[in-house]
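Read through the structure below, which is laid out as structure tokens, and then see the notes.
A short reminder: the numbers here are calculations on the coordinates, not readings from a lab. No experiment lies behind these values; they were computed from the predicted model shown. Glycine gets a Cβ as well: all are built from the backbone with ideal geometry, and neighbour counts include every protein chain shown.
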Amino acid sequence: MMKVVSGEQMRRIEAAVAEKIGLPTLLMMENAAIRLSEYCLAYIKGIVKPKVIILAGGGGNGGDGFALARHLRLKGVDVRIILAVDPSTIRGDALINLKIAESMGLPITGADSINLRETLESCDLAVDALFGAGLNRRIEGGYERIIDMVNSYAPYVIAVDIPSGIIADTGAVLGTAVRADLTVTLGFPKIGIMIYPGAEYAGRVEIADISLPDISVSGMGIETCALTDNEAAELLPSRPRRSNKGTFGRVYAFAGSESMPGAAVLSAAAAYKAGAGYVCVCVIPPVARVLHYSLREAVTRILPESGGYYCRESLESIADELNQADAVYAGPGIGRSPRVSEFVFKLIETVQAPIVLDADALNAVSEDVSILKKLKAPCVVTPHPGEMSRLTGLPVKDILADTIGAAAEFAREFGAVVLLKDARTIVASPDGRNYVNTTGSPALAKAGSGDVLTGVIAGLMAQGLDPYAAAMLGAYIHGKAGESAGAELSNYGVSASDVLNRIPLTLKACENARGE
């Protein structure tokens, strides 16, 4: 899977390559400049006499910018370097490339000695080479002025590795940050441009190959990854020709209430569309009436209820049959009441199959999170930030400031896979692995969307995927289906049913990607 690294991990990778392989850091900088020049030239292609300015700091990011300026000049581009630092403070590889640029006669000007607004307005492309992945201090003073000017007046911005002002490890903004149209990240994508808010500042992200050997990541303890389209396709469960509904697993579902029966329909249908062979929806009578009308494929078990909700007796009536389940999910639309909480707690203590806990099941768990210590089987919890706040006691703003950290800590403490919903959903495994989901769109911000995701994950687990893989692939498929629905219907007009109906098309694309 595609590795996603922190700033410190990237520094360790480069140091290890230099030490073990003998690849000089100066050559890595040169490789980076070559790749960056390709993206710059692609953007300005067709522009008559294009003008490019490179805003450079004094570290490695600035060194990349100095080398880039040289390559653009060699291609005949009118390029100018704007220095944000005193040149006497520049050291190492960056200084070597600055000296080369000076020897070539490239125009180099201090940011304080020009009309920066006029310079930015008159260029065709501005390159942000101010700060790299090592930045850990708040942007202020002259740097803040430069970044604000870039955001206000540059016609198009390409950021080198990571937009200046973004923390590489968390995506947090250090006061202010460059808003790039394109970020060319070097070697490996950085965590800070894969998750929000950093992803919002990064624009489109392209990964530049700077010729790092595969050995560079071995032993580095890199636990964060993302899925490419081909990698997602390889995770998809196989569908042997000689098979029957039992081959693809039995899902048992506990969803819906008198006021929210549609949650049972959406989630159960999603489990089927994700490939499960048999879905048994264990519901109370008011939900059964809606389910029978809306989802002909569903097998139902009608359970005792209390006031329109599940209760302890609901589980007692189905407990023996649950031994047949390959996967279980609970929570979508089940509502909140003391009897519901009692039902959820007893379910957690009873179920022997992998289980997904979502929505109101998580609200019940938040009353006593230690109940998760009594799980008898692997579990996936799927909170949104508000639910995560109730589960952890952390303010929502703190969770959003470090989604990977919040999800990873909860997964470690309670031994459950955590799928923390966000614009970039995080999946954290108890063993320390983390996944950043890069699919999805604002089209998914609708009631019922989470119910569909829960059904997809349960359907994948029923087919044999382990909970972490099922949560990763489920988030990927769900996001792709949302993108497809949004592209056709607009991000405003998509319903959860629209997303549901595009899951098969997403799976078909995965099949095609792996040649089926």
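Report relative contact order for region 2-222 in percent, whole number only (criteria: Cα-Cα under 8 Å, sequence separation at least 6). That works out to 22 percent.
Which of the three applies to region 93-187, rounded, prolate or oblate, going by the alpha-carbon gyration tensor with a ≥ b ≥ c and a/c under 1.5 meaning rounded? Walk me through the numbers before you get to the answer.
Working: a/c = 1.60, a/b = 1.22, b/c = 1.31.
It is oblate, given that a/c is not under 1.5 and a/b is not larger than b/c.
Entry note: the chain has Rg to Rh equal to 1.06, where both radii use alpha-carbon atoms and Rh is the Kirkwood radius. Once you put a point 7 Å from the Cα of Glu102 and another 7 Å from the Cα of Glu118, both along the Cβ direction, what distance in nm separates them? Placing both labels 7 Å beyond Cα along the Cβ direction yields 2.6 nm. Normalised by residue number, the volume inside the convex hull of the Cα atoms of region 1-109 is 122 Å³ per residue.
For the chain, the longest principal axis of the C-alpha atoms and the axis of helix 338-350 are separated by about 80°.
Region 117-167 and region 382-434 have Cα centres separated by 31 Å. The long axis of helix 496-513 is offset from the longest Cα principal axis of the chain by roughly 70 degrees.
Helix 403-414 and the longest principal axis of the Cα set of the chain meet at an angle near 40°.
How many angstrom separate the Cα center of region 440-513 from the Cα center of region 1-19? Here the answer is 32 Å between Cα centres. Under 16 Å between alpha carbons, and skipping anything fewer than 8 positions from Lys245 in its own chain: which aspartates and glutamates qualify? Those aspartates and glutamates meeting the cut-off are Glu297, Asp326. Pull out a ≥ b ≥ c, the square roots of the eigenvalues of the alpha-carbon gyration tensor of region 361-473, then state rounded if a/c is under 1.5, prolate if not and a/b is larger than b/c, and oblate in the remaining case. It comes out rounded by the Cα gyration axes. Counting other Cβ atoms within 10 Å as a rough exposure proxy, the listed residues Phe410, Phe345 run Phe345, Phe410 from fewest neighbours to most. Helical runs assigned H by DSSP (4 residues or longer) give the chain a calculated mean residue ellipticity at 222 nm of -13000 deg cm²/dmol, each run adding -39500 (n - 2.57) before division by the residue total.
Go ahead and collect, in residue order, the members of region 118-162 whose backbone nitrogen is under 20 Å from a label point 7 Å along the Cα-Cβ direction of Asp78. In region 118-162, the label zone of Asp78 (backbone N under 20 Å from the point 7 Å along Cα→Cβ) covers 118-128, 153-158. For region 241-312, place one equal point scatterer on every Cα, skip the solvent, and apply the Debye formula. What is log10 of I(q)/I(0) at q = 0.25 Å⁻¹? Summing over Cα pairs of region 241-312 leads to -1.05. Here, P(r) means the percent of Cα pairs in each 10 Å bin from 0 to the largest distance; for region 2-222 it is 9, 37, 39, 14, 1. Taking a ≥ b ≥ c as the square roots of the eigenvalues of the alpha carbon gyration tensor, region 229-513 is rounded, as a/c is under 1.5.
Sorted from longest to shortest, the spans of the Cα atoms of region 465-516 along the three principal axes equal 33, 25, 13 Å. Note on Ser218 and Arg289: with the Förster distance fixed at 45 Å, the Cβ-Cβ geometry gives a FRET efficiency of about 0.20.
Centroid-to-centroid, using Cα positions, region 168-218 and region 224-300 are 36 Å apart.
For the residues Val173, Val299, what sequence is obtained by ranking on other C-beta atoms within 10 Å, fewest first? Numbers along the way, then the final one.
Working: Val173 19, Val299 15.
Listed from fewest to most nearby Cβ atoms, that is Val299, Val173.
Extension gain, Thr25 to Lys49, is 5.3 nm, computed as 0.36 nm per intervening residue step minus the present C-alpha separation.
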